[in-house]
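Report on the structure given below.
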């Protein structure tokens, strides 16, 4: 961002890119001279690395002990899901497909993680388009063979004032009204996911029951035990959920609280590339809007030129009073050029979630189990080559600000910390 801005200013002053290149050394000196530093959003915790290592080792041992204790040999039926788990015929002893699922928030807008600010500031304001708090919730499910399963997505929706109607919505239409369900039902079929709605757009015990029933309640061998790992969210561990899981031979294991980042495969390897893909699709959406705006600007410029010629002709040929009225009438036809940023809609978010989940490789899914020491065999997993970079998000927001589409300030509870200058360059 700093390089592009410096080159832009240099061009305004008549300096060519060959004369002034805004080199790495120049950018470092500029930052130091003006007492600027790179500020990055951070997540703070109270767990020590050595404690996390112990928790990871303990949880891995507990999972392996559960495999032996319950005689677990399978989690999913490959034929039922239409995927090949490669577990037919000869088997490892025991053969296990550990399943891990992760609930995470999907925001309608993604703010930049880094920004330039004066040194020493305790609070750093990040500009946004005003929709950064709107979100959906998605539950991802995968197994240790690298198979991915239909995600569950929860959107925010209102409730009916009539209790009987709302009960029908929950039972028949996943919480949506008759009108919204027509759209949601089509999205489910199109993207191969399950979509629910509630006033908070958050996971709850009812959806936990639906999730377990959908993925595990109709498998071919209901007597075969399976293992499901998920975190300590209150909606996962209600009596109804535990009783139903036990009734269909689903063994639930709780990932240690505060240590999901080393014990839960989704947190270890899936969520970061998944969110990066969501962020990239958000950027593509904004770029498309900006490109469309610039295209319309060219058309507006041509129309303004034509209207200007009409005004000139009126001014030459009409009397002053008549000309004033005619010119005022023509000026009312001048097209507005303000840029209006459109936030993504439910259709867009559902599509982005499904596509981002589909794009994750099997190697990425398996690596989550491997890095958490949860694989039940001796397979060697290559490091996934996931794309984690995001191209010039700060530049894009700067362009939006220039178009007047970004608010002046936004309240935030994020903490900020300094980082090395090298992180920026």
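Observations on the model:
- Spin-label pair residue 156/residue 9, simplified geometry with 7 Å Cα→Cβ offset, distance in nm: 3.9 nm
- Here r is the Cβ-Cβ distance between residue 182 and residue 299 and R0 is 45 Å; the resulting FRET efficiency, rounded to 0.05, is 0.80.
- Euclidean distance of C-alpha centroids, segment 226-266 and segment 145-169, integer Å: 20 Å
- Of the residues 174, 293, 24, the one with the fewest other Cβ atoms within 10 Å heads the list, and the complete ranking is 24, 293, 174.
- Residue order for 222, 48, fewest other beta carbons within 10 angstrom first, comes to 48, 222.
- If R0 equals 51 Å, the separation of the Cβ atoms of residue 220 and residue 25 corresponds to a calculated FRET efficiency of about 0.20.
- Residues 152, 20 arranged by fewest to most Cβ contacts within 10 Å: 20, 152
- Taking label points 7 Å from Cα along the Cα-to-Cβ direction, residue 210 and residue 164 give a separation of 2.3 nm.
- Relative packing of peptides 256-264, 7-15 - highest average C-beta neighbours within 10 Å first: 256-264, 7-15
- Efficiency of FRET between residue 58 and residue 287 - r from beta-carbon atoms, R0 56 angstrom, step 0.05: 0.75
Read-outs: derived from the displayed coordinates by stated rules, not from any lab. None of these values were measured; they are calculated from a predicted model. Counting neighbours? That spans all protein chains shown, and the Cβs are built from the backbone with ideal geometry, glycine included.
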